[in-house]
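All remarks here apply to the structure that follows.
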Amino acid sequence: MRKEILDLLKKAGDTYISGEDIAEKLGVSRTAVWKHIKELRRAGYDIVSQAHSGYALKGAPDVLTPEELMPLLKDSLFGKNIIYHEETRSTNEDAKAAANDGAPDGTVVVTEFQGTGHGRLSRGWFCPKGEGVLFSVILRPTSFLPQEAPKCTLLAAVAVARAIRGLGIDVGIKWPNDILADGRKLVGILTEMSAEMERIHYIVIGTGINVNIDADEFSPEIQDTATSLSILAGHAIDRRALLAAILREMESLYAAVQREGFAPVFDAWRELSVTLGQEVRVLGVNETFEGTAADIDETGALLVDTPEGRRRVLAGDVSIRPKGWTGKRTN
Ligand code: BTN
């Protein structure tokens with residue numbers, strides 16, 4: 001009901017709509033409307049009322065609730081089932097639980113704050129409440145096999161990079177899935193999967209974006225290596241519009257993959273890559289080596305040319321070696 005009342009208020013724009021009209025349109029009593037308006041105000045909506053005219057919406061809180069996101073994602077798969085927690089431990093954990101309970105393809109889990117958000121290689125992911133975009137998407141693809149699932153990470157990186165570029169902020173992708181601006185990390189993506197040999201049960205793609213975070217809010221260990229969109233843009237960024245733009249990009253790439261495979265994702269990834277052509281240091285599972293990042297192969301693995309020949313990197317961490325390389329990590 002809250003959502004329907006908000007929709008009517010948003011549609012009315014600056015004009016007032018009477019409680020009676022709302023009640024009639026939604027088939028509820030005026031008292032029920034009034035109770036929901038009170039609830040919406042408590043949730044941060046600036047709803048003014050005027051005797052004989054009714055209600056008008058003057059401002060919405062900066063939240064990533066289904067009420068705020070769904071109108072921006074009309075007719076899209078990723079706007080159909082949005083699970084929102086104001087606070088949670090990890091949206092990836094929530095998404096896996098929801099997927100195990102049968103949540104459909106395209107379900108999105110989003111939060112304002114994670115207590116134990118996690119990243120690749122057992123790292124943590126922290127973001128102050130309401131200042132990032134933290135979400136996970138559940139995919140249930142039928143057109144590719146479990147071996148191909150890691151490529152979904154590239155898909156997500158392309159989608160996020162495109163949406164951020166749409167804001168006029170220049171970003172690039174560091175293999176496999178970090179998004180960097182000015183050499184600093186802005187976005188992290190963690191893909192997890194449940195599958196049998198021949199069949200994917202579900203893939204969860206979790207994304208964390210530093211959106212409206214001030215430089216001094218980053219923990220000391222990452223102050224030199226992390227950045228946020230508001231730092232780069234010089235002003236606060238509309239998190240709702242950004243998340244909606246990302247989900248639209250993801251959905252269109254996902255549809256393309258289901259139709260024609262991952263080739264369009266790979267092409268776009270290469271264009272957006274800041275890794276290819278660079279001198280890199282690879283911190284593999286068992287060893288560290290250096291070379292020139294030449295390309296990605298058809299599995300998404302990074303191909304690195306070293307004095308000993310071409311090496312294929314399937315997992316691990318890659319540091320781009322800036323000029324005057326000191327050996328200090330850049331991510
Ligand atoms: C990385 O760079 O190591 C990946 C970080 C991924 C963080 C996101 S935040 C939303 C989702 N939930 C999690 O617990 N992790 C991912």
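The values are calculated or read from the model by the stated rules, or taken from the named source; none is laboratory data. As the structure is a computational prediction, the values presented were derived from the model and not from experiment. In this analysis, Cβ positions are derived from the backbone assuming ideal geometry, glycine residues included, and neighbour counts consider all displayed protein chains. Protein only, heavy atoms only, side chains kept; ligands, DNA and RNA dropped before computing areas. Shrake-Rupley method; radii C 1.70, N 1.55, O 1.52, S 1.80 Å.
Antiparallel as a % of all DSSP beta bridges within segment 66-272, to the nearest 5? Don't skip to the answer; put the middle values down first.
On the way: 28 of 35 bridges.
Of those bridges, close to 80 percent are antiparallel.
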The chain: relative contact order as a whole-number percent, Cα under 8 Å and 6+ apart:
13 percent
Apply the Karplus curve 6.51 cos²θ - 1.76 cosθ + 1.60, θ = phi - 60°, to the phi angles in segment 251-262 and return the couplings in whole Hz, x for Gly and Pro.
5, 6, 5, 4, 5, 5, 4, 5, 7, 10, x, 8
Is any residue of segment 143-169 close enough, with backbone N under 20 Å, to a label point placed 7 angstrom from the Cα of Asp297 along the Cα-Cβ axis, and if so, which?
145-155
Taking Cα centroids, how far is segment 24-38 from segment 197-246 in Å?
38 Å
Debye calculation, C-alpha points only, no solvent: report log10 I(q)/I(0) for the chain at q = 0.09 Å⁻¹, in the same order as the q values.
-0.53
Answer rounded, prolate or oblate for segment 2-59, using the Cα gyration tensor with square roots of eigenvalues a ≥ b ≥ c: rounded when a/c is under 1.5, else prolate when a/b is larger than b/c, else oblate.
rounded
Under a 1.4 Å probe, counting only protein heavy atoms, Ser219 has an accessible area in Å², nearest 10, of 50 Å²
Mind listing the phi-derived Karplus ³J(HN,Hα) values for segment 126-138, rounded to whole Hz, using 6.51, -1.76 and 1.60 with θ = phi - 60°, and x for any glycine or proline?
10, 8, x, 4, x, 10, x, 10, 10, 7, 9, 10, 9
Long-range amide H contacts for Glu290: which residues qualify at under 5 Å (H placed 1.01 Å from N, peptide plane, sequence gap of 5 or more or a different chain)?
Val282
Quick one: helix 151-165 against the long Cα principal axis of the chain, what's the angle to the nearest 10°, folded into 0 to 90?
60 degrees
Selected from Thr225, Thr88, Thr288 as most flexible by GNM, with the chain as the system and alpha-carbon contacts under 10 Å:
Thr288
